[in-house]
1. Please determine, by comparing only the residues of region 94-139 that are at pLDDT 95 or above and basic (K, R), which one is surrounded by the most Cβ atoms within 10 Å (Cβ to Cβ).
2. With respect to A46, is the statement that it is in contact with a helix residue (DSSP H, G or I) (Cβ under 8 Å, 6 or more places away or on another chain) and either on the phi < 0 side of the Ramachandran plot or open to solvent by 40 Å² or more (accessible area, probe 1.4 Å) (or both) true?
3. Restricting attention to region 114-154, and to residues there that are touching a Lys or Arg at 6+ places or on another chain (Cβ under 6 Å) and of a type in the set (V, I, T), which single residue is nearest to L86 (Cα to Cα)?
4. If you scan region 51-73, which residues turn out to be over 17 Å from E171 (Cβ atoms) and open to solvent by 60 Å² or more (accessible area, probe 1.4 Å)?
5. Consider region 71-105. How many of its residues are within 17 Å of T25 (Cα to Cα) and either among the hydrophobic types (A, V, I, L, M, F, W, C) or part of a strand (DSSP E or B) (or both)?
6. Take I53 and tell me if it is part of a loop (DSSP other than H, G, I, E, B), closer than 24 Å to T176 by Cα and in contact with a strand residue (DSSP E or B) (Cβ under 7 Å, 6 or more places away or on another chain).
7. Hey, could you check region 154-193 for residues that are crowded, with 20+ Cβ neighbours inside 10 Å and more than 30 Å from D241 (Cα to Cα) and say which is farthest from the chain's Cα centre (by Cα)?
8. With the checklist (1) in contact (Cβ under 8 Å) with a residue 40 or more places away in the chain; (2) open to solvent by less than 50 Å² (accessible area, probe 1.4 Å); (3) of a type in the set (A, V, I, L, M); (4) out of contact with any Gly (no Cβ under 9 Å at 6 or more places or on another chain) in hand, flag the one item I9 doesn't pass.
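The values are calculated or read from the model by the stated rules, or taken from the named source; none is laboratory data. All values reported here derive from a predicted model rather than from experimental measurement. Because the Cβ atoms are built from the backbone with ideal geometry, glycine has one as well, and the counts that use them run over all protein chains shown. Surface accessibility is based on the protein's heavy atoms, side chains included, excluding ligands, DNA and RNA. Shrake-Rupley method; radii C 1.70, N 1.55, O 1.52, S 1.80 Å.
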Amino acid sequence: MKYKSYSHIGKKKVNEDYLKASENTFIVCDGVGGEVRGEIASKEIANYISAAIETLGSAISKDTILSAINQSQENLNNIIQKDESLAGMATTLAAVFVAETGFIVAHIGDSRIYVVRPSEHKFWQTWDHSLVGNLVKNGDISREAGRNHPMNNQITKAIKANFKDKITTPEINFITDIRKGDIVFICSDGVSESFSDAEIVELLANTEINLKSKIQIIEERCAEDSFDNNTAIICKVEKKDIPNATIIPLDWISIDSLKEDEDLDNVILDDTAMDEEPQPQKRKWFQFFNK
């Protein structure tokens with residue numbers, strides 16, 4: 001696929017985002033927390049997975065991808081055996097792998113993946129592993145309410161280095177409903193600080209703007225408006241990327257159906273959690289995440 005990418009520190013002191021992009025592997029990781037070297041976790045996971053996939057050649061499959069992701073987490077756990085100060089370092093994962101039989105999409109946390117079909121003005125997306133993400137997915141609050149929610153920085157799932165050798169299972173989607181001209185977009189949550197879903201998919205679906213201009217628009221706006229690190233990869237599907245497989249229709253969403261609501265929906269959450277001061281500048285674990 002043709003692609004363009006960027007990573008920006010935002011207004012933070014350290015860029016904990018990390019990306020890897022090659023002919024058939026596209027990965028964005030967003031380090032979590034700040035205090036426990038999230039930038040190491042994101043870099044280690046992205047590089048390990050990318051290297052593992054390169055050795056597979058044409059043998060890319062859902063099982064081999066899952067194995068590579070699991071091994072990357074085991075490697076992260078091994079690192080803290082040598083340096084205990086890194087225990088607890090964590091990262092999200094959003095990745096797209098191009099196989100002969102389809103696209104394998106894997107994600108953990110709140111870094112997102114969008115597949116946009118400009119020719120039909122529709123899109124598909126991953127859903128954040130977070131309390132607010134679930135509320136939006138289930139229709140309990142609007143997309144814009146979720147974007148502005150005081151708890152939207154609290155995720156329920158991430159890759160986290162630990163001494164118990166626990167690993168986090170990614171959500172994996174196998175996609176065959178791919179056409180020439182489709183756009184694949186992967187980003188960290190810093191991008192959604194500056195763009196609503198409607199704005200980002202409208203931009204991605206605009207056939208009058210090329211990939212280079214689209215990524216420049218995103219980078220420039222995020223550099224000005226986003227506090228958080230922000231990273232993105234934008235890809236355009238070519239004829240050679242179309243899967244050689246039976247098409248299984250995606251659960252497409254019409255771009256025209258997106259109706260933004262700037263008012264924060266009234267949602268009753270855990271009383272203890274709501275007593276906390278919101279900290280939009282730092283992602284936090286929600287209370288039911290198993291540390």
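1. R112
2. Criteria not met by A46.
3. So the first thing to find is which residues in region 114-154 are touching a Lys or Arg at 6+ places or on another chain (Cβ under 6 Å), and the list is 126-127, 129, 136, 153-154.
Remaining after also requiring of a type in the set (V, I, T): 126, 136.
On the way: T126: 29, V136: 34 Å.
Ranking the candidates gives T126 first.
4. Answer for region 51-73, where residues must be over 17 Å from E171 (Cβ atoms) and open to solvent by 60 Å² or more (accessible area, probe 1.4 Å): E54, T55, S58, Q71.
5. If we filter region 71-105 for residues that are within 17 Å of T25 (Cα to Cα), which is where we start, we get 71-72, 92-105.
Adding the requirement that they be either among the hydrophobic types (A, V, I, L, M, F, W, C) or part of a strand (DSSP E or B) (or both) leaves 93-99, 102-105.
Residues that pass the stated criteria total 11.
6. Numbers: part of a loop (DSSP other than H, G, I, E, B): no; closer than 24 Å to T176 by Cα: yes; in contact with a strand residue (DSSP E or B) (Cβ under 7 Å, 6 or more places away or on another chain): yes.
In short, no.
7. Per the stated criteria, the residue is A161.
8. Evaluating I9 over (1) in contact (Cβ under 8 Å) with a residue 40 or more places away in the chain; (2) open to solvent by less than 50 Å² (accessible area, probe 1.4 Å); (3) of a type in the set (A, V, I, L, M); (4) out of contact with any Gly (no Cβ under 9 Å at 6 or more places or on another chain) leaves (2) as the failure.
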